[in-house]
Amino acid sequence: MNWLCEDMEASLAMVVGEAELGLLARAVVVAEILDDDGERTLTVLTTPGLTEWDSLGMCRYGAAAIEGSAAADFTNGTGE
């Protein structure tokens, strides 16, 4: 799966660069994959060399950011 992580890193770096957001340093991507049989699985891809500890920290930060935004939407009455 290392080649998949390297391809993902290259693709993300290109998108981030084209959007003029800066340089991609590292990334964690959680993706739902639908296979040929219709089975769904969650897959976690990281940029090569990212330690599990750093991956976990980035995921927790992302979850907290989403939770904060959702709570704000709920409080302001804009959430679904």
(message) Quick check: the angle from helix 52-76's long axis to the longest principal axis of the chain, C-alpha only, nearest 10 degrees?
(response) 30 degrees
(message) Over 10 Å intervals from 0, what percent of Cα-Cα pairs in segment 11-79 sits in each interval?
(response) 17, 30, 36, 16, 0
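Laboratory data are not the source of any read-out in this text; all were calculated from the coordinates shown. Keep in mind the model is a prediction, meaning the values are calculated, not measured.
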